[in-house]
Amino acid sequence: MKQSSTFRISVLVFGFAFLYIPILSLIVYSFNKSRLVTVWGGFSTQWYGRLLENRQILDAAWLSLKIAAINATGAVILGTLAGLALARFGKFRGRTLLSGMTTAPLVMPEVITGLSLLMLFVVMEGAFGWPAGRGFTTITIAHMTLTLAYVTVIVQSRLSSLDDSLEEAAMDLGARPAKIFFLITLPIIAPALVSGWLLSFTISLDDLVVTSFVSGPGSSTLPMVIFSKVRLGVSPDINALATIIVLLVTIGVILAGIFMARQEKRRLRDMQMAAAAK
């Protein structure tokens, strides 16, 4: 029994070390004075200053953040509607088609997704004149198409396991369906919405393959700029940029965890009150 426990702990430690030691080494070498990213030349913060002077990276980062935020918000809205239809409306005409269309991006290779979206945009531009060229709009639509599926699955799963007692109690008291959704259902599934938003934001910020198909001149996102630089050799300012991104993501995950923990406590308290009222 003791040997089994020791083995499990060893595997857990090895797994975490395999995942996080490269990230920690990247953070350490972002403070490297040397231009060689693999040779320690002393402590320095000069590369953070150089990063702030690099307009190409800053413009690409700002573009990626805007696309990721708009994409995540749109994906949450559309994914919530799709998840609500699949979880609450039972069997209806077109349910199988809707379910297949919303989950197809999960299993579709990104190369196929990017190529099909590119062909769609070219045909639409020729037929309707919109979208005019490839850039911010096409990248946002492509990312929303990709991340919508993740939000739909998360919301559908959360709604399927939701206790209907609170909604039924509100209906017995004369509340309208819209009011029930916004005042009861929406707050309860808020942790799922936050998770879907963060996941969509991360996928959009990280995507390279689909973006490469639907982007155009002057619309290079941060992953595209970093990939082009990595092929010529990693520079220390890229390590500084990666460190800042890791810091922002860590803060976002912590805040989301605190929010979801509070929402879960509130949900359990409401369920206990509903059970006591019965």
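Computed values, structure above
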{"item": "Which numbered condition Trp40 misses (of (1) touching a residue at least 12 places away in the same chain (Cβ under 8 Å); (2) aromatic (Phe, Trp, Tyr); (3) in contact with a strand residue (DSSP E or B) (Cβ under 8 Å, 6 or more places away or on another chain))", "result": "(1)"}
{"item": "Check on Val107, touching a residue at least 12 places away in the same chain (Cβ under 8 Å) and surrounded by fewer than 16 Cβ atoms within 10 Å (Cβ to Cβ)", "result": "no"}
{"item": "Selected residue (only one of Ser99, Ser116, Ser160 is of a type in the set (S, T, N, Q), surrounded by fewer than 19 Cβ atoms within 10 Å (Cβ to Cβ) and touching a residue at least 60 places away in the same chain (Cβ under 8 Å))", "result": "Ser160"}
{"item": "Matching residues, segment 34-50, being of a type in the set (A, V, I, L, M) and either part of a strand (DSSP E or B) or more than 31 Å from the chain's Cα centre (by Cα) (or both)", "result": "Leu36, Val39"}
{"item": "Filter result (part of a helix (DSSP H, G or I), buried (at least 16 other Cβ atoms within 10 Å of the Cβ) and either without any contact (Cβ under 8 Å) to a residue 12 or more places away in the chain or among the β-branched types (Val, Ile, Thr) (or both)) within segment 185-217", "result": "Thr185, Ile188, Val194, Thr202, Ile203, Val210, Thr211, Val214"}
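Conditions tested, residue by residue: (1) among the small types (Gly, Ala, Ser); (2) farther than 16 Å from Ala149 by Cα.
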position: Ala75; (1), (2): yes, no
position: Ala82; (1), (2): yes, no
position: Phe92; (1), (2): no, yes
position: Leu98; (1), (2): no, no
position: Met101; (1), (2): no, no
position: Ala104; (1), (2): yes, no
position: Val111; (1), (2): no, yes
position: Val123; (1), (2): no, yes
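Coordinate-derived values only; no laboratory data. Just so we're clear, the structure is a prediction, and the values are computed from it rather than from any experiment. For neighbour counting, all protein chains shown are included, and Cβ atoms are generated from backbone atoms with ideal geometry for every residue, glycine included.
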